[in-house]
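Could you have a look at this structure, given as structure tokens, before my questions?
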Amino acid sequence: MFPLMFISSGRGISLCTILLENAFILGCVFLLPSVSGQQPLETLLVGVDHRAVTSLNGEWHYLVDQSPGRALYTSTGEINDKSYAMNEHPNLVGKHNQEYDFATAPTLKVPGDWNTQVPQLFNYEGVLWYERDFESQPKPRTRTFLHIGAANYRSHVWVNQKRVCDHEGGYTPFDCEVTAILNPGSNFVVIAVDATRLVDGIPSVGIDWFNYGGLTRDVSIVTVPSAFIDDYDVHLAHGSKFDPDNTELTGYVHVLDAPAGTAVTIDLPEAGARTTVDTDAQGNANFSVRARKLTLWSPESPKLYKVRLTSGDDELTDDIGFRDIRVEGTRILLNGKAIFLQGVNMHAEAPVRGGRAYSQNDADTIFGYLEELHANFVRLAHYPHDERMERTADRDGIMIWSEIPNWQHISFDKPEVYAKAVVMLDEMIRRDRNKASVILWSISNETPNNPTRTRFLTDLANEARRLDPTRLITSAIIGPRPNGLEMVNNDPLCDALDVIGQNEYIGWYDMPPEDADKVDWTFPQKPVLMSEFGAEAKVGDHGPVNQRWTEEQQVYVFEHQFVMLRKIPQLRGTVPWILVDFRSPTRNIPRLQDGYNRKGLISEDGQKKKAFALFQRAYAEHSLGKAE
Ligand code: GCB
């Protein structure tokens, strides 16, 4: 067990230092915002996209604060609350005061990375300040939050000159309470976003994707009653026998700041299910209710129900599907039926438009490709994507692997890094636990096999199970290094997983493509997904199959992969790397790469390579593996 523990308080967590070796509790350190510290997850509103909010999307003024970020950081590395956060304007007459002015500064669109909006900022990875004004009419007995869908990587937020929150992590949402700070009429918000990579960050400094900076997802103002539903979980009772006319649904609704005994109603009119339960002293209302008429969610029938939650003055209606996912031996069962996942990987980069994906149009383009491919599964690499992706997957019946960015080299020996990982995991699970499409939580990708990392990730897998016992836990494992043609995965991390993700690049980084035919894999007795495999090709480049970078060679690599994959009895899914070519600054071969990883089945401008048709056929014929 890691020498740090999270103690639940309500549904939030606080970081406490506990010396377990001495069984001696030193006490809880409620983390204060600091330059390097991660704030514990306190309030994170679930289902914000299903509430009436005031959008703060649109044009925001910005100022660049080049490294070392003199406006954001003091010389001792503290956050400076008295600089741009004050949003003052320079005196044009009288005494000299300061040298910035948001009011006349240029603007950036939010949501959106800064890199693809301003040519000079394309490679910028430092601090950038955002500002915008907004109107508010605070109402009595309400609370107001600023909700930020994601900001990469660290954010510091001030409203009307007061710091309201700090957040670390580029791919998950957070909320800052502003109730006491808002003025009737005009207000302003200033957000400093620092995209500097950190050795002790998650991910760490070396990544194979583009480090888009900025307010990359929706920003909104959310007003709720003084006691409000901040979190809920409505799912099919795990292990219940499915009877469409009498099915148990279960979960909880958490009402923040509700006195014990506050009534909560869970109502699914179409399913004939309704119950009213009371909150406990922590504001939690656990429930169990029978549905009289239920169609389970599945790729063939992605049925969603209106789920209306009410408590006091608060009310929220979500669209939720119900399904059961479990592992039995080496099989994955969806609603009791063995499945084979016909998948593909995807980064959160907008096809054609380029830049960080954030819109429904981006999601629809990606899901359009998935449909054409006859895919039923997508791995959202290597971090949580925009919530629209899960919503669209719920709608379209595509199953999802969602992961936190524990990518390759992380400071696994540092308790503070473990603390960050737990918060990111909690934020990911909390946002998406009501999405039927999500079947797998992944805790990491291609991490080095050593005891420190295995302990860190085993603890994290257990934490994921504690947070959500209804889903499967996985990780993408790399190795063993090829040793002849026998590949034995004996990574001890597999013990902590329900489903093994295996990455391999036979035919590209390792061995000639044809050798794949002769490779034999041995795995622990669990379901296996080949979670990455592939080769690069520049769209439009043609030639013989032994010529690198051609579409023909990419197809050839996959064809030999197929021979190998069909021989793995416990293979339960194929997830080629990757659906669309994506930006990666380390991919620098002129003309062939030009800053893109070219392992896509589709080029970044939407042209399908030959390999796309290969998978389309294989998936249409269901020919790559068996469900049991
Ligand atoms: C991997 C990584 C992925 C890379 C890919 C590649 O093993 O998991 O993030 O982009 O290989 O193309 O090398």
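Just so it is clear, none of the values below were taken in a lab; they were calculated from the coordinates. This is a predicted model, so every value here is computed, not measured. Cβ placement follows ideal geometry from the backbone for every residue including glycine, while neighbour counts extend to all protein chains displayed.
I'd like to know which of Asn115, Ile568, Pro480 lies farthest towards the positive end of the charge dipole of the chain, counting +1 on Cβ of Lys and Arg and -1 on Cβ of Asp and Glu.
Ile568
If contacts are Cα pairs under 8 angstrom and at least 6 residues apart, what is the relative contact order of the stretch 286-381 in percent?
19
Ok, one more. Can you name the helices of the chain, as whole DSSP H runs, whose Cα span along the helix axis is 15 Å or more and whose Kyte-Doolittle mean is not below -0.5?
360-373, 415-432, 551-565, 610-620
What stretch of the chain, leaving out the sites themselves, is the longest with no chymotrypsin sites (Phe, Trp or Tyr not before Pro) in a DSSP loop having at most 15 other Cβ atoms within 10 Å?
The segment 123-508 is the longest one with no such site.
Could you give me the ³J(HN,Hα) list for the stretch 475-480, computed from phi with Karplus coefficients 6.51, -1.76, 1.60 and θ = phi - 60°, whole Hz, x at Gly and Pro?
7, 8, 9, 10, x, x
Now for a separate question. In whole percent, what relative contact order does the stretch 514-557 give with Cα contacts below 8 Å and a gap of six or more residues?
Value for the stretch 514-557: 28 percent.
What number, in percent, do you get for the relative contact order of the chain if the mean sequence gap of Cα pairs under 8 Å and at least 6 apart is divided by its residue count?
Dividing the mean separation by the residue count of the chain yields 11 percent.
Using a/c under 1.5 as the rounded threshold, could you call the stretch 494-628 rounded, prolate or oblate? The axes a ≥ b ≥ c are square roots of the C-alpha gyration tensor eigenvalues, and prolate needs a/b larger than b/c, oblate otherwise.
prolate
Taking the simple approach of a point 7 Å from Cα along Cα-to-Cβ for both Lys567 and Phe122, what is their distance in nm?
For the pair Lys567/Phe122, the computed spacing is 4.6 nm.
Sticking with this one: When the Kirkwood radius is taken over all Cα pairs of the stretch 360-414, what Stokes-Einstein diffusion coefficient follows at 4 °C and 1.567 mPa s, in µm²/s?
D, rounded to a whole number, is 105 µm²/s.
Taking the beta-carbon count within 10 Å as an exposure proxy, list Ser623, Ser311, Ser83, Ser226 from fewest neighbours to most.
Ser623, Ser226, Ser83, Ser311
For the stretch 361-465, what does the alpha-carbon gyration tensor say about shape, rounded, prolate or oblate, given a ≥ b ≥ c as the root eigenvalues, a/c under 1.5 as rounded, and a/b over b/c as prolate?
prolate
Something else now. Residue by residue, what Karplus-based ³J(HN,Hα) values in Hz, rounded to whole numbers, does the stretch 167-175 have, using 6.51, -1.76 and 1.60 with θ = phi - 60° and x for Gly and Pro?
8, 10, x, x, 10, 10, x, 8, 10
Which percentage, to the nearest 5, of the DSSP beta bridges contained in the stretch 429-580 is antiparallel?
5
Please order Glu349, Glu248, Glu78 by the number of other Cβ within 10 Å, starting at the fewest.
Least crowded to most crowded, the residues run Glu78, Glu248, Glu349.
On to the next question. For Phe242, put the label point 7 Å out on the Cα→Cβ axis and report which residues of the stretch 365-408 keep their amide N under 13 Å from it.
none
Next question. Looking at the calculated P(r) for the stretch 264-361, what percent of the C-alpha pair distances fall above 15 Å?
74
Antiparallel as a % of all DSSP beta bridges within the chain, to the nearest 5?
So the antiparallel bridges in the chain amount to around 75 percent.
On to the next question. For the stretch 483-550, build the charge dipole from Cβ charges (+1 Lys, Arg; -1 Asp, Glu) around the Cα centre, then report which of Pro492, Ile506, Asn546 sits farthest towards its positive end.
The residue sitting most towards the positive pole is Asn546.
I've got another one for you. Can you compute the equivalent ellipsoid semi-axes for the stretch 575-628, i.e. the square root of 5 times each eigenvalue of the Cα gyration tensor, sorted largest first and rounded to whole Å?
Here the semi-axes work out to 27, 12, 7 Å.
Then there is this: Name the lysines eligible as straight-distance cross-link partners of Lys109: C-alpha to C-alpha under 26 Å, and not fewer than 8 places from it in the same chain.
Hits, sequence-local ones excluded: Lys82, Lys162.
Could you tell me which of rounded, prolate or oblate describes the chain, using a ≥ b ≥ c as the square roots of the eigenvalues of the alpha-carbon gyration tensor, with rounded for a/c under 1.5 and, failing that, prolate when a/b is larger than b/c and oblate otherwise?
Note, shape of the chain comes out oblate.
Rounded to the nearest 20 Debye, what is the dipole magnitude of the chain about its Cα centre when Lys and Arg each give +1 and Asp and Glu each give -1 at the C-beta?
Using Cβ point charges on Lys, Arg, Asp and Glu, the chain gives about 540 debye.
When Asp245, Asp233 are ordered from fewest to most other Cβ atoms inside 10 Å of their Cβ, what list results?
Taking fewest neighbouring Cβ atoms as first place, the list is Asp245, Asp233.
Given only helices, namely DSSP H runs of n ≥ 4 each adding -39500 (n - 2.57), what is the per-residue ellipticity at 222 nm of the chain, to the nearest 500 deg cm²/dmol?
Estimated from H runs of four or more residues: -4500 deg cm²/dmol.
With all pairs of different alpha carbon atoms counted, what Kirkwood hydrodynamic radius in Å does the stretch 479-537 show?
Computed over the stretch 479-537, the radius equals 12.2 Å.
Find which of Asn97, Leu624, Asn345 sits farthest along the positive direction of the dipole of the chain, computed with +1 on the beta-carbon of Lys and Arg, -1 on that of Asp and Glu, about the Cα centre.
Value computed over the given set: Leu624.
Using 0.36 nm times the number of residues separating Gln66 and Ser226, minus their current alpha carbon distance, what extension gain do you get?
Difference between extended and current length: 53.5 nm.
Once you put a point 7 Å from the Cα of Asn483 and another 7 Å from the Cα of Thr76, both along the Cβ direction, what distance in nm separates them?
Each label point lies 7 Å from its Cα, and together they span 5.3 nm.
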